[in-house]
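The values are calculated or read from the model by the stated rules, or taken from the named source; none is laboratory data. Note that the coordinates shown come from a computational prediction; the quantities given were computed from them, not determined experimentally. Please note: Cβ atoms are built from the backbone with ideal geometry, for glycine as well, and neighbour counts cover all protein chains shown. These accessible areas exclude ligands, DNA and RNA; they are computed on the full protein's heavy atoms, side chains included. Shrake-Rupley method; radii C 1.70, N 1.55, O 1.52, S 1.80 Å.
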Amino acid sequence: MNQKALHTLEFEKIIEKLTEFAASLPGKELCRKLTPFTWPEDIHLAQRETSDALRRTILNGSPSFSGVRDIRGLLKRLQIGGVLGMPELLHLSGLLTAAAKAKSYGRTSGDSLKRSAVPTKQPETAEEEFSDSLSELFQLLEPLTPLNQEIGRCILSEEEMNDDASPGLRHIRRAMRITGEKVHSQLNTLLNGNRAYLQDAVITVRNGRYCLPVKAEYKGQVPGMVHDQSSSGSTYFIEPMAIVRLNNELRELEIQERKEVEAVLASLSAMAAEQVLFLESDYELLGRLDFIFAKAALSSYYKCSEPRFNTDGYIHIRDARHPLLDAKKAVPITVTLGKDFDLLIVTGPNTGGKTVSLKTVGLFTVMGQCGLHIPAAPDSELAVFEEVFADIGDEQSIEQSLSTFSAHMTNIVSILEQADSSSLVLFDELCAGTDPTEGAALAISILSFLHNMQVRTMATTHYSELKVFALSTDGVENASCEFNVETLRPTYRLLIGIPGKSNAFAIAGKLGLPDFIIEDAGKRIGSEDIAFEDLLSDLEKSRLELERERAEAESYRTEAQRLKERLAGKQSRLDENREKVLARANEEARRILADAKATADETIRNINRLASQSGVGKELEKERQKLKKQLDKANERMAVKAKKPKKAYRPEDFQIGDAVRVLSMSLNGTVSTRPNAKGDLYVQMGILRSQVNIKDLEPLQEETISTPAGNFGSGKKRPQEKGHSGGSIGMSKSISISPEINLIGKTTDEALPELDKYIDDAYLAHLPQVRVIHGRGTGALKKAVHQFLRRCRHVASYRLGEFGEGGTGVTIVEFSHDK
């Protein structure tokens, strides 16, 4: 893509901002070298990398690429057998440390993606489950931990090697410390014994040798070697003869130390030379990752989104904000080009935003094809162009003796020679700077040529002839930048489909030009031009009125929808509260009635026992039946009638395993048998298995299925058993009797009386079976329960629970109700 267009669109400023977000030298180099791709596959990969990096950044923050320096020269030296110094080896260590941190970040952010993602299909392997475009780059990093640890162990800083880098170095440095202590001891003795001869009572070093500062007049009193003299000549730095031998030993040890350090450096360099390929790969991978995360940081900085791309030349940018404008002041624009029309002519006043709109389209196209996100609303769409041409700004050149018009025309000629259907062409003030009549004619011819070649073109102009050209030509559309005449300020909104006015007279009047001059200028405009401008004014007024009415209608619609939702929510809450109040009232009434009936039945049994001895049993029985009828009538009035199914279902609508709701019992369950000829089938509701007719069933959707056992403990009503002699007693008991009893934690003496009462109540409630939970433990409670059940006359059979029923910690009890 031509560099002139990139410069015109100020793409280099985007590159400068992008480079600021890169931390490493190779990352910054990749940022500076970034140019647009022209292959759709390359663009999609670059965009996906930026999006994946942004997602990882949002979940785990930005990775660190500090410590990555240019090691390419070091690697070449290693390849030819060179030895690196301590600073250079530390540069390699910094690279490997950055690789280790980046690899760890890749794993951590990958796990975060895995937790936050919702897979659309079952992955075949764990590795491919939530991988993205960056996963492979992170996996290819080789931290070379042994080499990095060895460099860190041996080298403490750029100027210091660890004593433990090698056994020889440790031995040499220990000898140096001992010799140095001897030298200081000897010098301190001489210092104290010859203090009168010394200029200062200090020990100094000259030429790597320990010396004493002796006054010039006493230099003959201190035997030794003179190494230096002060600038004034009053002090001589003398190495006493007593420590010459020790100083010689110390110098020899220093030479040995240097040789040992060089040996350690050679060893470390040899280790690094074996890993040159991995080091080079890490350098390139870290640079690329740094570059990708810099793109993600730029996207976050400008609040960008990933655009979609097509190869059909279609551009649709929603709520675009030019990235170089102040984000707080920039007015978003929406631009469409290439679908219903391939030529867009933008008109309007100066400083109205025409050029910014032009640059926005061109810059977004270049940014998108570089793999950068664009500061626009999501779902914006860009086309893939092989070339972008732009003729924007003042092209005047004194050096080349070109006027403004000549410079623009030179550029236009070059564009016309190169542009084709895969190009995007942008013209600012096309053919301006010459005679308006000739300039308009030239502009129409140039745009017609590009339009016939199906080149996507966007041009700004003040020529009214171009507005007419757009109105009268298929595939060409007008657009305008809105301008508020009252405030003399542009709104910067781009309006597609409406030609704009230059508003020169209005602007001149607001700026103070005398009215008589403006009126005289108006008289010099032809009647056709005035009519056309009036038409544009009428169109603008109509558009504003339509926008106002549409906004008002949208406001009314939103308010109506909000009120509808509020009313629906209020009605739902009222219905729910009403059902709750009725349910609580019926439940309380049932409880009171059940207590009363239980008391009455107990009283009647006692009276019957006494009446059998006194001979008045018939009268008492008559009164008891009368009371029973009254209680049954009251119970029927309080009973909540079972709901009817929403529609009539056929036997084939119910399959084994289907989730259903038994309407008369208000319980959820699972179909366990197919319906018979009468439509009866068995439904399993927790441990309760009951025969139900399909007229009493409602199929459940998946999201409404609830655990049947949960309904037993939620206060919902149990069905009234019919056809049993227990009558009202069974009905009242069934209200409160649970289908199971838990005896875990009780002793045998505590459990058996409770079990006895529970068995009686369950039998009276006509429960077909119950579950006794006694646990496994030592088995004593289970044995006592079985002995009790063996003697109980209401129990037909009992057995230990099966898998799914509680196993050997549960006993299932079947009752022998009279048929």
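Working carefully through the options Ser572, Ser612, find the one that is hydroxyl-bearing (Ser, Thr, Tyr), modelled with pLDDT of 70 or more and surrounded by 10 or more Cβ atoms within 10 Å (Cβ to Cβ).
Ser572
Take the residues of segment 186-200 that are assigned to a helix (DSSP H, G or I) and out of contact with any helix residue (DSSP H, G or I) (no Cβ under 8 Å at 6 or more places or on another chain): which is modelled with the lowest pLDDT?
It comes out as Gly193.
Answer yes or no as to whether Lys354 is free of Cβ contacts under 8 Å to residues at least 40 places away in the same chain, on the phi < 0 side of the Ramachandran plot and more than 27 Å from the chain's Cα centre (by Cα).
No, not satisfied.
Quick one: in segment 155-185, which of the residues that are hydroxyl-bearing (Ser, Thr, Tyr) and part of a helix (DSSP H, G or I) is surrounded by the fewest Cβ atoms within 10 Å (Cβ to Cβ)?
Selected residue: Ser185.
Please return the ranges of strands (runs of 3 or more DSSP E) entirely within segment 209-273 where 1 or more residues are in contact (Cβ under 8 Å) with a residue 12 or more places away in the chain and at positive phi.
224-229
What pairs can you find where one residue is in segment 437-452 and within 18 Å of Gln418 (Cβ to Cβ) and aromatic (Phe, Trp, Tyr), the other is assigned to a helix (DSSP H, G or I) and open to solvent by less than 50 Å² (accessible area, probe 1.4 Å), and their Cβ atoms are less than 6 Å apart, with a gap of 6+ or different chains?
Filtered contacts from segment 437-452: no entries.
Name every residue in segment 317-343 that is open to solvent by 80 Å² or more (accessible area, probe 1.4 Å), in a loop (DSSP other than H, G, I, E, B) and either among the basic types (Lys, Arg) or in contact with a Cys (Cβ under 8 Å, 6 or more places away or on another chain) (or both), in order of residue number.
Lys328, Lys329, Lys339
Residues in segment 291-314 that are in a helix (DSSP H, G or I), out of contact with any Leu (no Cβ under 7 Å at 6 or more places or on another chain) and farther than 10 Å from Leu54 by Cα: how many?
2
Could you list, in sequence order, all residues of segment 780-806 that are more than 15 Å from Tyr758 (Cα to Cα) and open to solvent by less than 20 Å² (accessible area, probe 1.4 Å)?
Selection gives Ala784, Gly801.
Quick check on my filter: what residues within segment 63-90 are open to solvent by less than 60 Å² (accessible area, probe 1.4 Å) and under 33 Å from the mean Cα position of the chain (by Cα)?
Within segment 63-90, Pro63, Ser64, Phe65, Gly67, Val68 meet the criteria.
Take the residues in segment 44-60 that are over 13 Å from Ser133 (Cβ atoms) and in contact with a Phe, Trp or Tyr (Cβ under 9 Å, 6 or more places away or on another chain); name whichever of them is most open to solvent (accessible area, probe 1.4 Å).
By that ranking, first place goes to Asn60.
Residues are listed down the side, and each one gets a yes or a no for (1) within 30 Å of Val83 (Cβ to Cβ); (2) of a type outside the set (Asp, Glu); (3) surrounded by 15 or more Cβ atoms within 10 Å (Cβ to Cβ); (4) out of contact with any Pro (no Cβ under 8 Å at 6 or more places or on another chain):
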site: Thr189; (1), (2), (3), (4): no, yes, no, yes
site: Ile203; (1), (2), (3), (4): no, yes, yes, yes
site: Tyr210; (1), (2), (3), (4): no, yes, yes, yes
site: Leu246; (1), (2), (3), (4): no, yes, yes, yes
site: Glu252; (1), (2), (3), (4): yes, no, no, yes
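Looking only at segment 222-232, how many residues end up being of a type outside the set (A, V, I, L, M) and surrounded by 12 or more Cβ atoms within 10 Å (Cβ to Cβ)?
Residues flagged as of a type outside the set (A, V, I, L, M) and surrounded by 12 or more Cβ atoms within 10 Å (Cβ to Cβ) within segment 222-232 amount to 5.
Are there strands (runs of 3 or more DSSP E) fully within segment 642-693 with at least 3 residues that are of a type outside the set (Gly, Ala, Ser), without any contact (Cβ under 8 Å) to a residue 40 or more places away in the chain and open to solvent by less than 60 Å² (accessible area, probe 1.4 Å)? List them.
In segment 642-693, the matching strands (runs of 3 or more DSSP E) lie at 680-685.
Among residues belonging to segment 300-314 that are touching a helix residue (DSSP H, G or I) at 6+ places or on another chain (Cβ under 7 Å) and under 15 Å from Gln369 (Cβ atoms), point out the one that is most open to solvent (accessible area, probe 1.4 Å).
Among those that are touching a helix residue (DSSP H, G or I) at 6+ places or on another chain (Cβ under 7 Å) and under 15 Å from Gln369 (Cβ atoms), it is Thr311.
Take the residues in segment 410-454 that are in contact with a Gly (Cβ under 9 Å, 6 or more places away or on another chain) and not small (Gly, Ala, Ser), then tell me which one is most open to solvent (accessible area, probe 1.4 Å).
Of everything passing the filter in segment 410-454, Gln454 is most open to solvent (accessible area, probe 1.4 Å).
In segment 1-43, what count of residues is obtained for those that are open to solvent by 40 Å² or more (accessible area, probe 1.4 Å), more than 23 Å from Ala383 (Cα to Cα) and either assigned to a loop (DSSP other than H, G, I, E, B) or of a type outside the set (D, E, K, R) (or both)?
Qualifying residue count, segment 1-43: 4.
Open to solvent by less than 80 Å² (accessible area, probe 1.4 Å), among the hydrophobic types (A, V, I, L, M, F, W, C), part of a strand (DSSP E or B) and within 17 Å of Leu688 (Cβ to Cβ), is that true of Ala762?
So Ala762 fails the test.
Go through segment 455-474 and give me each residue that's open to solvent by 20 Å² or more (accessible area, probe 1.4 Å) and of a type outside the set (A, V, I, L, M).
Answer for segment 455-474, where residues must be open to solvent by 20 Å² or more (accessible area, probe 1.4 Å) and of a type outside the set (A, V, I, L, M): Arg456, His462, Tyr463, Ser464, Glu465, Phe469, Ser472, Thr473, Asp474.
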